[in-house]
Amino acid sequence: MMDDVEFWGLVGSLGGRPELQDDRPYRELTTELARGPVERIVDFAETLAYKLYELDRRYLLESQESAERLSDDGFLYARCAVVVAGSVAFAAVLADESAFHPFVSAEAAHAESILDVPSNAYKVLTGEDWDHVEEYDYETGSNDEWW
């Protein structure tokens, strides 16, 4: 895994605004990671997966005040938005479930683009398809401790 300083620094290059519909910051992060080495891309992917896994908590999903429950994908995209917003937002959500609510929006769903960054960077660097499977599964409901 990547150390938190490097990981959050790279994520910070996205601008901390998960609601923006601009792909440019994700392309720039892909380019940065594609400089290599492959291990750095893998470390980024592993750390991203772990952060999303840490946010995979039933109480966050159930804390939403909307009449309609988030889909599994919607909950994943909201968690991506938290990560894209940066380390302060990430810590705030883990400390207080009410801090999660601003990340549940159609606009924030664009933050799912962060999921493609490692595979795209790997493809640019190696010319090969990404077949890495992260140690931590970030799909909704995977964090048994919190479900």
Just to check I understand the Karplus step: with θ = phi - 60° and J = 6.51 cos²θ - 1.76 cosθ + 1.60, what whole-Hz values come out for segment 135-147, glycine and proline as x?
4, 9, 7, 9, 5, 4, x, 7, 7, 3, 4, 9, 10
With θ taken as phi - 60° and the coefficients 6.51, -1.76 and 1.60, list the Karplus ³J(HN,Hα) couplings across segment 45-58 in order, rounded to whole Hz; mark glycine and proline as x.
4, 5, 5, 4, 4, 5, 4, 5, 4, 4, 7, 7, 10, 3
Would you calculate a helix-derived [θ] at 222 nm for the chain, using -39,500 (n - 2.57) for each DSSP H run of n ≥ 4 and dividing by the full residue count, to the nearest 500?
-15000 deg cm²/dmol
Just to confirm the number: angle between the C-alpha axis of helix 72-85 and the first principal axis of the chain, 0 to 90 degrees, nearest 10?
70
Taking H as built 1.01 Å from N, whose amide H comes closer than 5 Å to the amide H of MET2, not counting residues under 5 places away?
THR47
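Mean shadow of the chain, computed from the convex hull of its alpha carbons, in nm²? Present the calculation step by step, with values, prior to reporting the outcome.
Working: hull surface 32.5 nm².
Across all orientations, the chain yields a mean hull projection of 8.1 nm².
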Can you run phi through the Karplus equation (6.51, -1.76, 1.60; θ = phi - 60°) for segment 116-127 and list ³J(HN,Hα) in whole Hz, with x for Gly and Pro?
8, 4, x, 5, 5, 5, 4, 4, 5, 6, 9, x
Could you give the C-alpha radius of gyration of segment 1-71 expressed as a fraction of 2.2 N^0.38 Å, taking N as the number of residues it contains?
1.35
Which value, in Å², gives the accessible area per residue of the chain when a 1.4 Å probe is used on the protein heavy atoms?
52
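The values are calculated or read from the model by the stated rules, or taken from the named source; none is laboratory data. Keep in mind that what you see is a predicted model, and the values were worked out from it rather than measured. In case anyone asks, the SASA skips ligands and DNA or RNA and just uses the protein heavy atoms, side chains included. Shrake-Rupley method; radii C 1.70, N 1.55, O 1.52, S 1.80 Å.
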